[in-house]
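Participant: Following this message is one structure expressed as structure tokens.
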Amino acid sequence: MAELDYDKAGPVATITLNRPDRRNALTLAMLGEWVCALTDAQSDNEIRAIVITGAGDAFCSGIDLGVFADHAADPVWIKQALTRHIHPVALTLENVDKPVIAAVPGSAVGAGMDMALLCDYRIASPTATFSEGYIRVGAVPGDGGCWLLPRLIGTSHALRLLWTGETVPAQQALELGIVDEVADDPLRTAHEFAWQLAARPPLAVQVIKRAVRQGARHDLPTALDLISSHFAMIAATDDAAEALAAFRAGRTPTFHGH
């Protein structure tokens, strides 16, 4: 059985972490497969949205601690494991300009929580839980948690969760802003949302994502200058002409990504 499944159905790609017996704890091989799947989905013009989930009743329990068992006293090996295997997933997720939706069926712990935070939108089951967790094993967040979490929920709330490693249930996660929706069937809800986004003009969807991500690092004049170029480019596409024609005719548009 594959430890990571990658499936395509029409315009939606689904990546499933598939070690349910270990609560989908990550191995180095899984991380490499994850990067390959994300890269393929990004480069495939037929794919317009990506859903990431975990098999069974967990999203991801973080890195399998057995990965580091024989190297605890070797800081060079550990740093290289992070930079060569773990961080490429985070950096690839950051660079994917198609919508990425996390469907969280259960616990998301440590790097598992951080990977969920890197997605654009998070849908959790009512029984899902979230924990940065690193502190409980005497570690510090190694996959971006110290950067990601304060940007979502504010510095003081983030520090509390990072310092304590406490477990946050789904409803509290919703109130804090860790997740965006709570749904009884998060995978189905994520797929419905993904198909909804896939029906929108794909180039415009991708440019909006880039503009939002880039805007967080720019001042307003820079953001406005960039968006004027994006606006002009998108307005000249066939999809923009199709959207306008469909609107005037009162019909459903069909978009082709050009």
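Participant: Can you return the lysines within cross-link range of Lys209? Criterion is Cα-Cα under 23 Å, with same-chain partners fewer than 8 residues away left out.
Facilitator: Excluding near neighbours in sequence, the set is Lys8, Lys98.
Participant: Mind giving me the FRET efficiency for Asp238 and Lys209? R0 is 30 Å, r the Cβ-Cβ distance, nearest 0.05 is fine. Spell out each step's value before the answer.
Facilitator: On the way: r = 20 Å, r/R0 = 0.68.
For Asp238 and Lys209, the calculated efficiency is 0.90.
Participant: Taking 0.36 nm per residue of separation and subtracting the Cα-Cα distance, what length does fully extending Glu94 through Ser228 add? It would help to have the intermediate numbers written out before the result.
Facilitator: On the way: separation 134, 0.36 × 134 = 48.24 nm, distance 2.31 nm.
In short, 45.9 nm is gained.
Participant: Over all distinct alpha-carbon pairs, what is the Kirkwood Rh of the chain in angstrom?
Facilitator: Values: mean 1/r = 0.0518 Å⁻¹.
The answer is 19.3 Å.
Participant: Specify whether the C-alpha gyration tensor of segment 188-258 places it in the rounded, prolate or oblate class, a ≥ b ≥ c being the square roots of the eigenvalues: rounded for a/c under 1.5, otherwise prolate if a/b is larger than b/c and oblate if not. Please report the intermediate quantities before stating the final value.
Facilitator: Details: a/c = 2.97, a/b = 1.36, b/c = 2.18.
It comes out oblate by the Cα gyration axes.
Participant: Starting from the Cα-Cα distance between Thr83 and Trp147, subtract it from 0.36 nm times their residue separation and give me the gain in nm to one decimal. List each step's numbers first, then the result.
Facilitator: Working: separation 64, 0.36 × 64 = 23.04 nm, distance 1.59 nm.
The span from Thr83 to Trp147 would gain 21.5 nm if fully extended.
Participant: Among all the aspartates and glutamates, which ones have a C-alpha under 13 Å from Lys79's C-alpha, if same-chain residues fewer than 8 places away are not counted?
Facilitator: Asp143
Participant: Compute from the Cα atoms of segment 25-136 the Rg and the Dmax, the latter being the longest Cα-Cα distance, and quote both in angstrom.
Facilitator: So, for segment 25-136, Rg and Dmax equal 14.4, 46 Å respectively.
Participant: Can I ask one more? Using a/c under 1.5 as the rounded threshold, could you call segment 65-119 rounded, prolate or oblate? The axes a ≥ b ≥ c are square roots of the C-alpha gyration tensor eigenvalues, and prolate needs a/b larger than b/c, oblate otherwise.
Facilitator: Values: a/c = 4.27, a/b = 1.65, b/c = 2.59.
Here segment 65-119 falls in the oblate category.
Participant: Nearest 5 percent is fine: what portion of the DSSP beta bridges confined to the chain is antiparallel? Before the final figure, lay out the partial values.
Facilitator: On the way: 8 of 30 bridges.
Just about 25 percent of them are antiparallel.
Participant: For Trp195 and Glu46 in the same chain, what is the full-extension length gain: residue separation times 0.36 nm, less their Cα-Cα distance, in nm?
Facilitator: Working: separation 149, 0.36 × 149 = 53.64 nm, distance 1.25 nm.
Difference between extended and current length: 52.4 nm.
Participant: Further question: For segment 104-248, what class follows from the C-alpha gyration tensor (a ≥ b ≥ c being the square roots of its eigenvalues): rounded when a/c is under 1.5, otherwise prolate if a/b is larger than b/c, else oblate?
Facilitator: Details: a/c = 3.29, a/b = 1.69, b/c = 1.95.
Oblate, since a/c reaches 1.5 and b/c is not below a/b.
Participant: Going through the DSSP H helices of the chain, which span 27 Å or more along their own axis at the Cα atoms while scoring at least -1.0 as a mean Kyte-Doolittle hydropathy?
Facilitator: Details: long enough: none.
Length and hydropathy pass: none found.
Any read-out appearing in this document is the output of simple, stated calculations on the displayed coordinates, not a laboratory observation. Model, not experiment: these values are computed from the prediction. In this analysis, Cβ positions are derived from the backbone assuming ideal geometry, glycine residues included, and neighbour counts consider all displayed protein chains.
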